[in-house]
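The values are calculated or read from the model by the stated rules, or taken from the named source; none is laboratory data. Values in this document were obtained by computation on a predicted structure and should not be read as measured data. Cβ coordinates were reconstructed from backbone atoms using ideal geometry, including for glycine residues, and neighbour counts include every protein chain displayed. What goes into the accessible areas is simple: the full protein's heavy atoms, side chains included, and nothing from ligands, DNA or RNA. Shrake-Rupley method; radii C 1.70, N 1.55, O 1.52, S 1.80 Å.
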Amino acid sequence: MAVSTRRLQKELADIKRDGTPVGITLLSAEDFATWYLSVEVLGNTVYEGEKFALKFRFDGQYPISAPAVQFVVDDTYQAPVHPHVYSNGHICASILGSEWSPVLSVVSVCVTIQSMLASCKKKERPPDNDRYVSHAPENPKKTRWDFHDDKYVPSSPRRSTVSVLTISRRSV
Amino acid sequence: MSQSFPGDALDDTPSRPLIAPLAPMLTLREEYVNGSQGFVKQIDYLISEGWIGVRRTRGDGDCFYRSLAFAYIENILNASDTMLAATGALSVLEASQPQLEQVGFQRLVFEDFYDCLAGLINQVISPGPDGQVLNINTLLEAFNNPEVSNSIVVYLRLLTSAEIKTNPEIAAFLIHPETGEQMDPESFCNNFVEAVGKEADHVQMNALATALKVNVNVAYLDGHDPQGKVSFVPFQNAPFTFLEPVNLLYRPGHYDILDRRDADPIPPLLVQ
């Protein structure tokens, strides 16, 4: 059994037994390749009343390699308007790239992204949104991001500071 | 800073095996003959001191952890009393699980990696799924299987992180490698220990040697010693160990395993 299947089975069993944190719901996990979860930001934030969906794609090396994570953009869901989220759903967050670690899980990624949204004060797209979206690869992991620092403090229990970084990138 | 995706290179056509069979030190010397004479002198010094073999590892940022893990298990395999060495190592590992939980890692995130490492050590003394006990060939095979090899590397990274977070003596040495600023254990470990592919420095090496209760000697090859000598830096934190120290060879940015033999032994079962 692939290491990814073994781990995802356990994550799924955990979710079924203990549930998910408030505001996060498992929409579907029909196989061990693609999962969907919805994320809502609680309380008084710029995203009040909005609901987003995250798509996770796993390769056979998960959790050693990072999952490909993006917001769903379709008839039902839109990507949140946020300085680190492109309108095609791609997210520029260091924990999905160079700071990915196998101690993170599907749920902890959702919690981190929920916190990233919760701390947003002003709804705006990344400055280079149109340029990026017109050339972006289908899989966000194929984008090589260059970062500038920008700290958020999420409520994620295991990572005290998660830097979510943005601005320029180049496609590879 | 450029973002890379840890683990993505795992499926690439390997330029070099994750861990290679033992080779004569002369093969490394040949690579420097037409280059830095400082390195050639130092390699000659190592050979003259009896370090005639090198086991090379892939330079993927995990080389310290992978080298140490391999040499550690090989030392158990070669111990005069393998039963004592393996049970000793397994009890150290067993005790490391609560330490990981204490710093906030869920069992869920580390148990598969733990099972992989403990299972391999257990196979030194009791036959594995193939009905065989471990020998040098099957150990090499396991370490060249990316799933097994990387799982072991990840466990050692988590163990290093747990040691850094729980050992107050280490806190003073948590320095950002680029800015030189003091860092708190949590962000140091997030950025420079737990992420796959991040190279280890003295702090990580010291922490891991302490956590595994294994003595480590690192020979530093930098090409700069005027006499062509090599300094060995000891990480000796295990006064009561049944195991021989692990000997590593450092060249700028990379770790390999240093050995007093120049070829792997032929496993007994294969000897006709």
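Within the stretch A:23-55, report the GluC sites (Glu not before Pro) that DSSP leaves as loop and that have at most 10 other Cβ atoms within 10 Å. Before the final figure, lay out the partial values.
On the way: sites: A:30, A:40, A:48, A:50; in loops: A:30, A:48, A:50.
Those that pass, being in a loop and sparsely packed, are A:30, A:48.
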Separation between Cα centres of the stretch A:14-41 and the stretch B:96-154, rounded to whole Å:
29
Over 28 Å [Cα-Cα, the protein assembly as shown], rounded percent:
53
Work out, in µm²/s and without decimals, the Stokes-Einstein translational diffusion coefficient of the stretch B:15-76 at 10 °C, 1.306 mPa s, Rh from Kirkwood over C-alpha pairs.
125
Provide the per residue accessible area, probe 1.4 Å, for the protein assembly as shown, rounded to a whole number of square angstrom.
43
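Please work out whether the stretch B:218-271 counts as rounded, prolate or oblate from its C-alpha gyration tensor, where a ≥ b ≥ c are the square roots of the eigenvalues and a/c under 1.5 means rounded, while otherwise a/b larger than b/c means prolate and anything else oblate? Present the calculation step by step, with values, prior to reporting the outcome.
Numbers: a/c = 2.80, a/b = 1.45, b/c = 1.93.
Oblate, since a/c reaches 1.5 and b/c is not below a/b.
Write down the Å³ per residue value for the convex hull defined by the alpha carbon atoms of the stretch A:3-128.
Working: hull volume 13.4 nm³, N = 126.
Once divided by residue count, the hull of the stretch A:3-128 is 107 Å³.
Where both partners of a DSSP beta bridge lie in the stretch B:8-270, what percent of those bridges are antiparallel, to the nearest 5?
Details: 16 of 21 bridges.
Once the DSSP bridges in the stretch B:8-270 are tallied, antiparallel ones form about 75 percent.
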In terms of modelled amide H atoms, which long-range or inter-chain residues lie less than 5 Å from the amide H of residue B:218?
B:233, B:235, B:248
Antiparallel DSSP beta bridges within the protein assembly as shown, percent to nearest 5
90
Roughly how many Å² of residue A:1 are accessible to a 1.4 Å probe, to the nearest 10?
140
Would you tell me the accessible area of residue B:175, worked out with a 1.4 angstrom probe on the heavy atoms of the protein chains, in Å² to the nearest 10?
70
Orientation-averaged projected area, Cα convex hull of chain B (nm²):
16.1
Separation of the stretch B:26-42 and the stretch B:167-192 by C-alpha centroid, Å?
35
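Note down the relative contact order for the stretch A:3-128 as a percent, whole number, built from C-alpha pairs under 8 angstrom at least six residues apart. Kindly include the intermediate steps, with their values, before the conclusion.
Working: 210 pairs, mean separation 30.1, N = 126.
It rounds to 24 percent for the stretch A:3-128.
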Karplus-derived 3J(HN,Hα) from phi for the stretch B:69-80 (6.51 cos²θ - 1.76 cosθ + 1.60, θ = phi - 60°), whole Hz, x at Gly and Pro, runs 4, 5, 5, 4, 5, 5, 5, 5, 4, 9, 5, 5
